[in-house]
Amino acid sequence: MTHQIAIIGLGYVGLPLARLMATKFPVVGFDIHQERIAELNSGTDSTLEVEDKILQAVLVKENPFTDPAKQVNDSSVNPSKGLYCSASVSDIANANVYIVTVPTPVDKNNRPDLTPLYKASETVGNVLKKGDIVIYESTVYPGVTEEECVPVLEKVSGLKFNEDFFCGYSPERINPGDKEKTVEKILKVTSGSTPEIGKIVDDLYKSVITAGTHLAPTIKVAEASKVIENAQRDINIAFVNELAKIFSLMDIDTHEVLKAAGTKWNFLPFKPGLVGGHCIGVDPFYLAQKAQEIGYYSELILAARRLNDSMGPFVASQVIKLMIKKGIQINGAEVLMLGITFKENCPDIRNTKIIDVIQSLEDYGVKVTIFDPWAHPEEVQHEYGLESIQDINNLKSSEYKFDAIVLAVSHSEFMEIEMEPMKKELAVVYDVKGILPASDSKL
Ligand SMILES: NC(=O)c1ccc[n+]([C@@H]2O[C@H](COP(=O)([O-])OP(=O)(O)OC[C@H]3O[C@@H](n4cnc5c(N)ncnc54)[C@H](O)[C@@H]3O)[C@@H](O)[C@H]2O)c1
């Protein structure tokens with residue numbers, strides 16, 4: 001039977017995957033967010049992950065699924081393909097493969113919040129049929145698919161796991177903002193709830209992922225592999241962040257130290273920085289929480305989290321120290337923050353740690369102006385209640401001179417920015433990313 005694929009959740013992960021799958025298969029992209037569906041159907045992706053013309057090339061005006069009862073089992077018959085986006089559950093009723101790509105955030109106490117996964121599983125459970133496969137892509141701790149999602153699917157559908165329907169887990173490794181390493185060029189881990197289903201899931205991804213796949217022996221292995229990828233990065237960044245704190249006390253340039261150490265063949269090239277976003281700064285909590293539940297209190301993973309979460313106030317204190325040393329009056333000083341998104345060349349502002357820098361600076365009585373050509377000002381206002389500027393020309397008038405400029409995100413636009421006209425006489429330039437040719441200090 002032809003795969004008829006429903007993708008549940010059309011965000012940074014779901015949309016690129018739906019677009020890619022739609023080049024080969026009939027795909028319906030489902031999202032609860034009506035505005036998101038409307039913008040996608042108009043041929044635009046506000047996350048900028050899929051270029052408009054690439055999106056438009058796969059969009060179809062009608063649901064491309066055929067009624068399973070009317071499907072012919074003849075591989076010479078070319079099935080319809082393309083992407084149809086909808087917020088209506090009935091549009092995914094004829095799918096036989098469901099791929100779930102909804103968020104997996106943490107709550108205010110940094111505990112995993114599985115609500116979107118439970119809700120998406122309920123949605124799928126309502127339309128699940130015999131023989132269907134449900135593949136989860138959201139980042140989770142080992143056991144979530146089989147122990148948390150499957151019971152919801154069974155309860156809502158009345159069907160039996162691994163008899164009537166099956167599951168898979170294939171973690172997403174997409175790197176938002178990266179136009180080179182797009183979804184099809186990143187090797188993908190796959191898995192299934194039985195060896196046979198593992199093979200079907202693997203073949204499905206292999207048919208669109210040019211970089212290939214790695215079939216893991218079980219769903220739990222695949223789940224664990226994803227969460228440790230991000231925890232490993234978090235721990236490595238925490239180490240260099242700790243070095244940055246130590247070397248700042250010793251007045252040694254951390255970047256020069258890392259450059260020198262990096263000449264050894266096995267020294268890992270990590271840089272200090274703010275660890276934000278909804279992957280590296282979040283996923284380690286999933287693993288640590290699960291470990292705690294089963295009686296192991298994770299030391300290294302949580303220490304890394306604490307260290308990385310302390311970097312915002314540290315950056316602010318470094319900027320303030322530099323300003324004081326130059327004799328700049330702190331209370332009422334004006335600071336320009338270059339960048340608010342959690343990473344470069346991407347409009348995503350969720351869980352950006354630059355907020356911690358801004359809040360700490362404001363605690364010192366400093367006024368912060370945010371300039372980010374990528375972030376949508378209305379989203380910054382909605383998410384954080386802050387004003388941000390998207391156009392640098394709004395800043396160039398003479399009343400906009402700053403006591404300090406903090407480069408917080410390495411958007412390509414900032415490489416060419418002319419800072420001199422925006423600097424007051426004594427102004428400090430602080431480079432969080434360590435990329436500017438000239439600055440007073442780097443992280
Ligand atoms: N963004 C990344 O860099 C990245 C990379 C790898 C893995 N992941 C993981 O992938 C998952 C999705 O992340 P994302 O960045 O795409 O999230 P996102 O917030 O960009 O998108 C999620 C989408 O799901 C929709 N949604 C929420 N609940 C829903 C429901 N019940 N039914 C249907 N749609 C629903 C939202 O409206 C949204 O459009 C997370 O687990 C994340 O950890 C993300």
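The values are calculated or read from the model by the stated rules, or taken from the named source; none is laboratory data. These numbers were taken from a predicted model, which means no experiment stands behind them. Cβ: placed from backbone, ideal geometry, glycine included. Neighbour counts: every protein chain shown. Ligands, DNA and RNA are excluded from the accessible area calculation, which covers all protein heavy atoms including side chains. Shrake-Rupley method; radii C 1.70, N 1.55, O 1.52, S 1.80 Å.
In nm, to one decimal, how far is the modelled label at Ala69 from the one at Asn393, with both set 7 Å along Cα→Cβ?
6.2
Hey, in the GNM for the chain with a 10 angstrom Cα cutoff, which one of Ser412, Ser310, Ser248 fluctuates hardest?
Maximum among the listed residues: Ser412.
What residue among Asn96, Asn394, Asn63 shows peak mean-square fluctuation when the chain is described by a Gaussian network model with Cα springs under 10 Å?
Among Asn96, Asn394, Asn63, the largest GNM mean-square fluctuation belongs to Asn394.
Calculate I(q)/I(0) for region 214-312 by the Debye formula, one identical point scatterer on each C-alpha and no solvent, and give its log10 at q = 0.23, 0.25 Å⁻¹ to two decimals.
-1.16, -1.25
Do any of Lys401/Lys442; Lys129/Lys160; Lys130/Lys220 go past 18 Å between their Cα atoms, and which? Can you show the working numbers first?
On the way: Lys401/Lys442 21 Å; Lys129/Lys160 10 Å; Lys130/Lys220 24 Å.
Among Lys401/Lys442; Lys129/Lys160; Lys130/Lys220, the Cα-Cα distance tops 18 Å for Lys401/Lys442; Lys130/Lys220.
Considering the alpha-carbon set of region 270-311 alone, what are its Rg and its Dmax in angstrom?
Final numbers for Rg and Dmax: 11.0, 33 Å.
Could you work out the per residue convex hull volume over the alpha carbons of region 44-185, in cubic angstrom?
Numbers: hull volume 22.6 nm³, N = 142.
Normalising the Cα hull of region 44-185 by residue number yields 159 Å³.
How are the alpha carbon pair distances in region 184-252 distributed across 10 Å bins from zero to the largest one, expressed in percent?
Values per bin, smallest distances first: 20, 31, 21, 14, 11, 4.
Tell me, what ³J(HN,Hα) does each residue in region 259-272 have, in order and in whole Hz, if you take phi through Karplus 6.51 cos²θ - 1.76 cosθ + 1.60 with θ = phi - 60° and put x for Gly and Pro?
Once θ is set to phi - 60°, the couplings for region 259-272 become 5, 5, 5, x, 6, 7, 4, 10, 7, 7, x, 9, 10, x Hz.
Once you treat every alpha carbon in region 1-128 as an equal point and sum by Debye, what is log10 I(q)/I(0) at q = 0.19, 0.21 Å⁻¹?
-1.02, -1.19
What figure in square angstrom, to the nearest 10, would you give for the accessible area of Lys290 with a 1.4 Å probe?
Rounded to the nearest 10, the figure is 40 Å².
For Thr190, list long-range residues whose amide hydrogen, built 1.01 Å from N in the peptide plane, is under 5 Å from its own amide hydrogen.
Here His214, Leu215, Ala216 satisfy the definition.
Which distance in nm do the two modelled labels at Ser42 and Ser225 give, with both placed 7 Å along the Cα-to-Cβ direction?
Here the answer is 4.0 nm between the modelled labels.
Per residue, what accessible area does the chain have, given a 1.4 Å probe and all protein chains present, in Å²? Spell out each step's value before the answer.
Values: 20520 Å² over 443 residues.
Dividing the accessible area of the chain by its residue count gives 46 Å².
Need one number: convex hull volume per residue for region 265-354, Cα atoms only, in Å³. List each step's numbers first, then the result.
Working: hull volume 15.1 nm³, N = 90.
Per residue, the Cα convex hull of region 265-354 comes to 168 Å³.
For Ser80 paired with Lys24, estimate the spin-label separation in nm (one decimal), with each label point 7 Å from Cα along the Cα-to-Cβ line.
Distance between the two pseudo-spin positions: 2.1 nm.
Taking only the alpha carbons of region 105-263, what extent do you get along each of the three principal axes, in Å, biggest first?
The Cα atoms of region 105-263 stretch 65, 39, 27 Å along the principal axes, largest first.
With a bin width of 10 angstrom, please list the P(r) values of region 308-367 as percents of all Cα-Cα pairs, from the 0 bin to the one holding the largest distance.
The distribution over region 308-367 is 23, 50, 23, 4, given as percents.
Taking H placed 1.01 Å from N in the peptide plane, check which residues at least 5 places from Gly29 or on another chain put their amide H under 5 Å from its amide H.
Residues meeting the criterion, in which the H sits 1.01 Å from N, are Ile7, Tyr84, Cys85, Ser86.
What percentages, rounded to whole numbers, describe P(r) for region 152-230 computed over all alpha carbon pairs with 10 Å bin width beginning at zero?
Calculated over all Cα pairs of region 152-230, the distribution is 19, 42, 30, 9, 1 percent.
With viscosity set to 1.306 mPa s and temperature to 10 °C, compute the Stokes-Einstein D of the chain, Rh being the Kirkwood radius across alpha carbon pairs; µm²/s, no decimals.
On the way: Rh = 23.6 Å.
Answer from the Stokes-Einstein relation: 67 µm²/s.
What FRET efficiency would be calculated for the residue pair Asp251, Glu383, taking the C-beta separation as r and a Förster radius of 25 Å, to the nearest 0.05?
Details: r = 37 Å, r/R0 = 1.48.
E between Asp251 and Glu383, to the nearest 0.05, is 0.10.
Answer with one residue from Ala261, Ser46, Thr341: the one whose Cα lies farthest towards the positive end of the charge dipole of the chain, charges on Cβ with Lys, Arg +1 and Asp, Glu -1.
Working it through, the farthest residue towards the positive pole turns out to be Ala261.
Would you mind getting me the FRET efficiency between Tyr400 and Ser317? Use the beta-carbon distance for r and R0 = 22 Å, nearest 0.05.
Details: r = 25 Å, r/R0 = 1.14.
The computed FRET efficiency comes out at 0.30.
What percent does the relative contact order of region 24-175 come to when contacts are Cα pairs within less than 8 Å and at least six residues apart?
Computed over region 24-175, the figure is 21 percent.
Given Cα pairs under 8 Å that are at least 6 residues apart, what percent is the relative contact order of region 288-440? Don't skip to the answer; put the middle values down first.
On the way: 246 pairs, mean separation 35.3, N = 153.
Relative contact order for region 288-440 comes out at 23 percent.
In Å, what Kirkwood hydrodynamic radius results for region 341-414 from the alpha-carbon pair distances?
On the way: mean 1/r = 0.0773 Å⁻¹.
One decimal place: 12.9 Å for the Kirkwood radius.
So for the chain, averaging the separation of alpha carbon pairs under 8 Å that are six or more residues apart and normalising by length, what relative contact order in percent results?
Working: 858 pairs, mean separation 46.2, N = 443.
Answer for the chain is 10 percent.
Cα axis of helix 354-363 to longest principal axis of the chain: angle in degrees, 0 to 90, nearest 10?
It works out to around 40 degrees.
Taking every pair of alpha-carbon atoms in region 12-69, give the share separated by more than 13 Å as a whole percent. Before the final figure, lay out the partial values.
Values: 1001 of 1653 pairs.
Tail of the P(r) past 13 Å holds 61 percent of the pairs.
Give me the extension gain from Leu426 to Asp107: residue separation times 0.36 nm, minus the current Cα-Cα distance, reported in nm with one decimal. Working shown, then result.
Details: separation 319, 0.36 × 319 = 114.84 nm, distance 4.23 nm.
That pair, Leu426 and Asp107, stretches by 110.6 nm at full extension.
Given H placed 1.01 Å from N in the peptide plane, which residues other than close sequence neighbours of Asp113 have an amide H under 5 Å from its amide H?
Here the answer is Val106, Asp107, since their amide H atoms fall under 5 Å of that of Asp113.
Add -39500 (n - 2.57) for each DSSP H run of 4 or more in the chain, then divide by its residues: what number comes out at 222 nm, to the nearest 500 deg cm²/dmol? Before the final figure, lay out the partial values.
Numbers: 13 runs with 149 residues, N = 443.
That calculation yields -10500 deg cm²/dmol at 222 nm.
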